[in-house]
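Comments concern the structure below.
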Amino acid sequence: MIGHLIAWPKNGLGDRIKLTASAWAASESMGRSFAIRWIPGRGCDAHWKDLFQDNMATFCGDRDRCYEGHNHQDLHKEGLLKRYEGKQVNDIKDSEHRWIEACSGYFCNGWNHKEILNPYLKKMIAPIPSIKQDISKIKENFTGNTIGVHIRRTYGGYPSKTFTKIDEFIDTYADSRVFVCVDTPSDIHEFKKYGGRLIHAPQSNKNRTVEGMREALVDFCLLSSCQEMIGTINSSFSQMAEMFNTTKREMVLL
């Protein structure tokens, strides 16, 4: 019997990336086939294909792909599907169930280590061509010494927390650039003091719409490509950007 593990990510982009990557790792450790039940809403109105190339098994219907024609809620009620929700995914285990669902925004099995998840993130995060083009255009302004900054006020992130480290970075590298992404648009003005060193992606949709999520993915990929990074602690967006990054220089969450 081929068992299936279905990731059902919830909330915003960072939480969805977190659950998907760690569930993929969990599926391989269990020898199960893997698919993603990526449903718009609750923090992200975009479908998977609105953001990423079709390089993984993704689906939206209750009877599609690895549910093999069954309704997943019926399978759950009948005890044929084992569902882990919320923080339960921290302790997800294999079982005799043909179907296992990981329904959350948390890490599966506590697999929150960069060395484990980075290979999955590199395979998973393949932006669609239009988003990839936006990323490339902005990245032309990067140098080999670009520091990335992510501010999430919801988790206590403030521009003033980052200035000391940014100033140290600028003093160290003559060709330094400062890439900034924020959740509160007005915060970008506090970084204007860095003049021509400042880089940020144009954004008109600070929301959960499809366009807003596309802009967020541009920020995520650019933040992940910086040589150093200052993120907001407890923000899954910052956390996963750090895990996606492959440089060996400093990555700090404040």
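The values are calculated or read from the model by the stated rules, or taken from the named source; none is laboratory data. Bear in mind that the values here come from a model prediction, so they are computed numbers and not experimental data. As a convention, Cβ positions derive from the backbone with ideal geometry for all residues, glycine included, and neighbour counts pool all protein chains shown. Keep in mind that these areas ignore ligands, DNA and RNA; they rest on the heavy atoms of the full protein, side chains included. Shrake-Rupley method; radii C 1.70, N 1.55, O 1.52, S 1.80 Å.
Side notes on the structure shown:
- Test: residue in region 159-181 that is touching a strand residue (DSSP E or B) at 6+ places or on another chain (Cβ under 9 Å) and at pLDDT below 90: no
- Consider region 98-143 and keep the residues that are of a type in the set (D, E) and farther than 20 Å from W38 by Cα. The one that is modelled with the lowest pLDDT is E115.
- Scanning region 65-73 finds no residues that are touching a helix residue (DSSP H, G or I) at 6+ places or on another chain (Cβ under 7 Å), buried (at least 16 other Cβ atoms within 10 Å of the Cβ) and not aromatic (F, W, Y).
- Candidates A25, A46, A57: the one that is under 17 Å from G212 (Cα atoms) and of a type in the set (A, V, I, L, M, F, W, C) is A46.
- Residues that are within 29 Å of M213 (Cβ to Cβ) and of a type in the set (F, W, Y), drawn from region 164-192: F179, F191
- Neighbours by Cβ (under 8 Å, 6+ apart or cross-chain): first from region 203-220, under 16 Å from K139 (Cα atoms) and of a type in the set (S, T, N, Q); second surrounded by fewer than 16 Cβ atoms within 10 Å (Cβ to Cβ) and at pLDDT below 95: Q203/P185
- Of residues in region 43-79 being under 16 Å from the mean Cα position of the chain (by Cα) and among the charged types (D, E, K, R), the one nearest to E96 (Cα to Cα): K49
- Residue count for region 77-96, restricted to those that are surrounded by fewer than 16 Cβ atoms within 10 Å (Cβ to Cβ) and not basic (K, R): 10
Yes/no per residue for (1) touching a residue at least 24 places away in the same chain (Cβ under 8 Å); (2) more than 19 Å from G3 (Cβ to Cβ):
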| residue | (1), (2) |
| --- | --- |
| R42 | yes, yes |
| W48 | no, yes |
| T58 | no, no |
| D64 | no, no |
| H72 | yes, no |
| I92 | yes, no |
| R98 | yes, no |
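- Residues of region 116-134 that turn out to be surrounded by fewer than 18 Cβ atoms within 10 Å (Cβ to Cβ) and farther than 15 Å from A23 by Cβ, as a count: 8
- Counting only helices (runs of 4 or more DSSP H) that fall entirely inside region 139-254 and contain at least 1 residues that are of a type in the set (S, T, Y) and either open to solvent by less than 60 Å² (accessible area, probe 1.4 Å) or touching a Phe, Trp or Tyr at 6+ places or on another chain (Cβ under 8 Å) (or both), the qualifying elements are 210-224, 236-244.
Let's see how each residue does on (1) part of a loop (DSSP other than H, G, I, E, B); (2) of a type in the set (S, T, N, Q):
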site	(1), (2)
N55	yes, yes
D62	yes, no
L75	no, no
Q88	no, yes
D94	yes, no
I100	no, no
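- Scan of region 2-60 for residues that are on the phi > 0 side of the Ramachandran plot and either touching an Asp or Glu at 6+ places or on another chain (Cβ under 6 Å) or open to solvent by 40 Å² or more (accessible area, probe 1.4 Å) (or both), ordered by number: N11, G31, R42
- Residues (surrounded by 15 or more Cβ atoms within 10 Å (Cβ to Cβ), closer than 18 Å to F237 by Cα and not hydroxyl-bearing (S, T, Y)) located in region 97-113: G105, F107, C108, W111, N112
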